[in-house]
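The block underneath contains the structure these notes are about, expressed in structure tokens.
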Amino acid sequence: MRARSLLSHATLTTVFEFAYVVLATNALLAVSSLPLLVLLVTTDPLASWPALAVALVLAFPGVAAAMTVFREFSAQGRIGVVRTYLRALRDSGARAAAVGAAVAAVGVVVVVDAVGLWGERLGAVVIPVLVMLVALTLVCTPVALVLVVDRPGLRWPAVLRTAFYLGVRRWYLGALSAASLATLAGAFALRPALAVGVLAAPLLYVAWANSRRVVRSAELSGQPAPARG
């Protein structure tokens, strides 16, 4: 009976600590992605998409910092969320922003081409390719951010190459991450307050945990990604 009581107390403690991590991380993400949130709330995304692309790049360091919080919490169980988040912004913010720039570039290409080719005969061929490009980006992006967080010595071009390699090779593992990010992107576009206040940290946690599994599965299988460069 006493053992069960202790187990129950430990379980409840873990649940409350995880809830605190989620709430605190959501608040920090809201602050670090404030330019993106303001644009989504106050402008028409179809008209302001160039500014949104820039704001998206600026939001990526906060996403990488959130992944660092998840990693430290998984390893230690109790952490200083704000301290860990701010340290991660300093350590990995620039490389995370570089990943964000690559994602924003893909987004601009997709938006411009899709709008220009919509209703055209060529669009019937090109638009499905653009959809596949978006899906590949959703799979590879969280892998790239995991590499940014976990491999600080890995150069940015190698991060992109490795993320692409693992994303394509283990697309079946990355599908859940892609679905989580797609859900979060849709929530940001339709209900920014709900996305930041409730959904951001849990969905990012799913994307982080699954993408970290993608990276570790490559290591355990003895098939390392082409990380040099």
For this session: Report, to the nearest whole %, how much of the accessible area of the chain belongs to carbon and sulfur atoms, 1.4 Å probe, protein only.
Result: 71 percent
Problem set entry | Relative pair counts by distance (%), Cα atoms of the chain, 5 Å bins | 1, 7, 13, 17, 19, 16, 12, 7, 4, 2, 1, 1, 0, 0, 0
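Relative contact order of the chain, please, whole-number percent, based on alpha carbon pairs below 8 angstrom and at least 6 residues apart. If you can, show how the numbers build up before the last one.
Values: 260 pairs, mean separation 51.7, N = 229.
In percent, rounded to a whole number, it is 23.
Between Tyr172 and Val129, what FRET efficiency comes out of the Förster formula 1/(1 + (r/R0)^6) with R0 = 30 Å and r the beta carbon distance, rounded to 0.05? Can you show the working numbers first?
On the way: r = 21 Å, r/R0 = 0.70.
FRET efficiency, Val129 to Tyr172: 0.90.
Per the helix-only calculation at 222 nm, which mean residue ellipticity applies to the chain, given -39500 (n - 2.57) for every DSSP H run of n ≥ 4 and division by its residues, nearest 500 deg cm²/dmol? Could the numbers behind the result be given before it?
Working: 8 runs with 188 residues, N = 229.
Mean residue ellipticity at 222 nm (helix-derived): -29000 deg cm²/dmol.
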Seminar exercise, completed: Taking alpha-carbon centroids only, the stretch 11-63 lies from the stretch 158-212 a number of Å equal to 13 Å
Problem set entry | Using θ = phi - 60° and Karplus 6.51 cos²θ - 1.76 cosθ + 1.60, couplings along the stretch 154-170 (whole Hz; Gly, Pro as x) | 7, 5, 4, x, 5, 4, 5, 5, 5, 4, 5, 4, 6, x, 6, 5, 10
Exercise. Along the charge dipole of the chain, Cβ charges K/R +1 and D/E -1, which of Leu46, Val134, Trp171 sits furthest on the positive end?
Worked result: Trp171
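Keeping all protein chains in place, calculate the accessible area per residue for the stretch 29-94 (probe 1.4 angstrom), answer in Å². Walk me through the numbers on the way to the answer.
On the way: 3300 Å² over 66 residues.
On a per-residue basis, 50 Å².
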Exercise. Which peptide among 108-119, 182-193 comes first, and what is the full order, when sorted by highest mean count of other Cβ atoms within 10 Å?
Worked result: 182-193, 108-119
Seminar exercise, completed: Karplus ³J(HN,Hα) for the stretch 138-148 (6.51 cos²θ - 1.76 cosθ + 1.60, θ = phi - 60°; Hz, whole; x = Gly/Pro) runs 5, 6, 7, 4, x, 5, 4, 5, 4, 5, 4
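The values are calculated or read from the model by the stated rules, or taken from the named source; none is laboratory data. These figures come from a predicted structure and were not determined experimentally. Cβ: placed from backbone, ideal geometry, glycine included. Neighbour counts: every protein chain shown. What goes into the accessible areas is simple: the full protein's heavy atoms, side chains included, and nothing from ligands, DNA or RNA. Shrake-Rupley method; radii C 1.70, N 1.55, O 1.52, S 1.80 Å.
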